[in-house]
1. Amide H neighbours of A:R238 under 5 Å, at least 5 residues apart or on other chains, H built in the peptide plane: list them.
2. Determine the residues within segment B:42-79 where the difference in accessible area between the chain on its own and the full set of protein chains amounts to at least 20 Å²; count protein heavy atoms only and use a 1.4 Å probe.
3. Which far-off residues, 5 or more places away or on another chain, put their amide H under 5 Å from the one on A:D98, with H placed in the peptide plane?
4. For a quick check: with amide H placed at 1.01 Å from N, whose amide H comes under 5 Å from A:A13's, ignoring anything fewer than 5 positions away on the same chain?
5. Starting at the first residue of segment A:73-83, write each ³J(HN,Hα) from the Karplus equation 6.51 cos²θ - 1.76 cosθ + 1.60 with θ = phi - 60°, in whole Hz, x for Gly and Pro.
6. Out of A:M149, A:V216, B:Q213, whose Cα points farthest toward the positive end of the dipole of the protein assembly as shown (charges: +1 Lys, Arg; -1 Asp, Glu; placed on Cβ)?
7. Can you give the accessible area per residue of segment B:31-283, in Å², using a 1.4 Å probe?
8. For B:I147 and B:T194, what is the calculated FRET efficiency with R₀ set at 35 Å and r taken between the beta-carbons, to the nearest 0.05?
Amino acid sequence: MTRQNTTGHGNNAVEVRGLVKHFGDTKAVDGIDLDVREGTVMGVLGPNGAGKTTLVRILSTLLLPDSGKATVAGYDVVRQPRQLRRTMGLTGQYASVDEKLAGWENLYMIGRLLDFSRDGARKRADEMLERFSLTDAAKKPVMQYSGGMRRRLDLAASLIGHPKVLYLDEPTTGLDPRTRNEVWEEVKRIVSEGNTVLLTTQYMEEAEQLATELTVIDQGKIIAEGNVPELKAKVGGRTLEIRPSDTGELNRMVGALAQAGLDGLAGATADEDKGVVTVPIISDEQLTAVVGLLGERGFAISDIATHLPSLDEVFLAITGQKATHQDDEETKLKEVAA
Amino acid sequence: MTTATATTKAPDSEPTPPSPKQGEDEGRIGLRANLRHIGALVRRNALQIKQDPESMMDALLMPIIFTLLFVFVFGGAIGPGGDRDQYTNYLMPGMMAMMGMNIAMAVGTGINEDFRKGVMDRFRSMPIARSSVLIAKVAVEICRMLIAIVVLLTVGFLVGLDIEGRWLEMLAAIGLTTIFGASLVWIFMLLGLTMRTAQAVQGVSFLILMPLQFGSSVFVPVGTMPGWLKAFTDVNPLTHVADASRGLMLGEGAIASPAMWTVIWAVGLTAVVAPIAINKFRKKT
């Protein structure tokens, strides 16, 4: 199941073979193989309890595996934890900074723990606060920070030692959308500077935004892997939802799209419960074509939106099980058609 | 927020900072680096206290309240012939031992909370000796203990403690008490690492604390206690610490034997419990 280094450039920053970790009867990690090339972002996608955090904890030397082998930046996670800790950064699900300390003090402390000189640690703390737009809050205790500020400080803390590999364990879980975008921007910047990132997330959208390669895991096992376009093709990718002003026109709209003879439009379906027409999106050009076509035919549209598959839909697509409500829709359609 | 986008190259206006030393020899951490790490972590704990001064209440107020309560509530009744001053002299050296124990207790809840907040994950994923986190805690607790003892003795002198100029002996007693208190810190630390919640840590700590405190010679001489209880007080390390301090500060009673037992207990407890605690810290998930 291992996806080998196919693009031919760059070494693997992370190599995992047959990794297993059980907690009693729970198989948190159940035989995982994983390669992350240097300078890329590997997204590990999975629902709660899939084993994402356990995987990250093993790779960051916080947990010993039961069996299997993992090397990060060339160091074995079991036999060379000390060397490995010098070359990695970890940002957990919760902000792992000291709440009672000021932002600057947190960064200074971590600098000192990473063997910076007093002066060096001071400079680095100033620099990182500046970079993450936290200079104004430098002297405030972290307790008074907003959720987004905490995550930014956490990212800053993880980057102080210039890590070769950065783990981001669900970096935006529990954040509001605006703050989530803030964190995404920071992560994109970190990636653009050439860092290798292993990102875990529950959100398809986050994986698509940030990751170059994706691994989908469930119950400790890899169930799909590939680059983002590949996986999207597999799960059907985005869909377009069009809401006509008059819901009575749903089927006329489907008919008009289907008759246009354009690629992908034959897949248009009417969802009467939601009052929308759903069209699978193949390309951006197709979006323009659909809108143009509907305009030509004089349809009044009250809303138009693109929709990413949810994690549930991704899982359904990968495991080959069909969603039951889709079956219902199809039968309804047939009834209407009859 | 920031205007940087995914496609812009690293905005490298920032100077390259002095890069941290790479671990050549197996990534082993040298003594100097170790001390630097402990120093940074002590600073962290001290800043926490500064941010949260209430956490010093036990060290500052408890000695005052306990001294006043025991001297004035019990002093007249327990002191030989109703002599409160004599009871004060008897009580204060033992109270030092009790303070050491009470201060040590707070470390358990603190470390338990650290784990819940995730900052321990940060420390444990860094290239530092894992023992340094715990050693820094012990160092801070020793400082808090010394502060509590200074407050305690100040109040003691104000209400009539008289050591007849045995200042050096008093320093020796403080030293013994602190060594013993430091060994207790490891026990409460282990509790904090083992129990699930801070509340549980506190509950169990009290269960340990009460019998040790009252089943000792800290508050009253053990002469009137029944045989089975006396058997307990005789091995209770708190009795040894109290007796040794009393011998030193008041110049009456044996010194060598209780002092020796105090050191044996302190060294023994540390030698056994500290490695278990450090190991627990290492493996805690």
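The values are calculated or read from the model by the stated rules, or taken from the named source; none is laboratory data. All of these numbers come straight from a predicted model, not from anything done at the bench. Cβ coordinates were reconstructed from backbone atoms using ideal geometry, including for glycine residues, and neighbour counts include every protein chain displayed. For the accessible areas, the whole protein counts, side chains as well, though only heavy atoms, and no ligand, DNA or RNA atoms are used. Shrake-Rupley method; radii C 1.70, N 1.55, O 1.52, S 1.80 Å.
1. Hits under the 5 Å cutoff: A:I281.
2. Residues meeting the cut-off: B:R43, B:R44, B:L47, B:Q48, B:Q51, B:D52.
3. Here nothing satisfies the definition.
4. A:V36, A:R37, A:E38
5. Here the 3J(HN,Hα) series is 6, x, 9, 6, 5, 8, 8, 10, x, 5, 5 Hz.
6. Result: B:Q213, furthest along the dipole toward the positive end.
7. That works out to 42 Å² per residue.
8. 0.80
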